[in-house]
Amino acid sequence: MIHINKVGEVTGVTVRTLRYYDEIGLLKPTSKTEGGHRLYTNEEIKKLQQVQFLKKVGFRLHEIKDMLTFSDWDWSDSLKNQLSFVINEQENLKKIELSLRELIHGIAIEGEENLIAIQKIMQLSSKDKEIQQYYRESVFKDREIKLLERVPNMTSDSSDSLEWIALIGQLKRYMKEGPKASKVQNIIRRMDEKRLEEFDGENEFLDKLWEIRMSPKQSEKLGLYPIDQDVLEFMNQAYVFFIAKEKSSTRIRRKE
């Protein structure tokens, strides 16, 4: 016979838990000492290990009790049901993960305006994904839909998306300095470098995407994060100045 305290030491299950298992009829001790301490045999220890394993794979105590009590229990059916449950839970957790990423990235864009970011993400998540997919397919060609997959995503943790989010957040913070400010132009320069890295030669696609981005209604239909219109207009002004400056520098270099 093994004393309840020793069982706890060997298995890692607390004495309190063993007492609870006894109370609910999940694991009864073989006998008790004169002082009332529970005693277990090797068979109970084996059963306890089975309980621990089944808990580990997600079964509840009342389910485990039935599984270990009835000799005609359908283990195959139970395990398949548990697997389906776990897969569904994984899908739900993935959705939660993506929502949390959107919130974190939204706050990175909005700065200290945390509640605004939360409201925007709530607005974005409430939209019908099937309608958004239909809109994508009606506006973009098959090849362009593949290009859309490379567009920075608020739910992504890729270094590319994270950098884009950081750049937009920085741009918003420096708006008061004007589109020609050196800090703003440095941000625009990096944005243009990233554009060339990912979408060089895809100007038709980028123009179409930017036209949609500049329209709040179309952006919503496509499922894009709702960046404030004044930020987008500022970005456009800064980019126009950047391109003009680049062309001017190119002409000067050619003359030299």
**Request:** Output the number of the condition that residue 99 fails; it satisfies all remaining conditions of (1) assigned to a helix (DSSP H, G or I); (2) modelled with pLDDT of 90 or more.
**Result:** (2)
**Request:** Tell me which of these residue 123 doesn't satisfy, since it passes every other one: (1) modelled with pLDDT of 90 or more; (2) of a type in the set (S, T, N, Q); (3) not assigned by TED's automatic domain parsing to the domain that holds residue 223.
**Result:** (1)
**Request:** Give 217, 172, 146 a once-over and let me know the one that is in contact (Cβ under 8 Å) with a residue 12 or more places away in the chain and either under 30 Å from residue 94 (Cα atoms) or basic (Lys, Arg) (or both).
**Result:** 172
**Prompt:** Would it be correct to say that residue 24 is surrounded by 14 or more Cβ atoms within 10 Å (Cβ to Cβ) and hydrophobic (A, V, I, L, M, F, W, C)?
**Reply:** no
**Item:** Criterion violated by residue 125 - all others in (1) surrounded by 17 or more Cβ atoms within 10 Å (Cβ to Cβ); (2) without any contact (Cβ under 8 Å) to a residue 40 or more places away in the chain satisfied
**Value:** (1)
**Fill in**
Given the conditions (1) exposed (fewer than 15 other Cβ atoms within 10 Å of the Cβ); (2) over 28 Å from the mean Cα position of the chain (by Cα), every one holds for residue 202 apart from (1)
**Message:** Can you tell me how many residues within segment 98-117 are free of Cβ contacts under 8 Å to residues at least 12 places away in the same chain and over 19 Å from residue 157 (Cβ atoms)?
**Reply:** 5
**Request:** Select, from 90, 119, the only residue that is under 16 Å from the mean Cα position of the chain (by Cα) and either part of a helix (DSSP H, G or I) or loosely packed, with under 15 Cβ neighbours inside 10 Å (or both).
**Result:** 90
**Prompt:** In segment 149-191, which residue that is among the basic types (Lys, Arg) and farther than 21 Å from residue 102 by Cα is surrounded by the fewest Cβ atoms within 10 Å (Cβ to Cβ)?
**Reply:** 176
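The values are calculated or read from the model by the stated rules, or taken from the named source; none is laboratory data. Bear in mind that the values here come from a model prediction, so they are computed numbers and not experimental data. Neighbour counts are summed over all protein chains in view; Cβ atoms, including those assigned to glycine, are modelled from backbone coordinates with ideal geometry.
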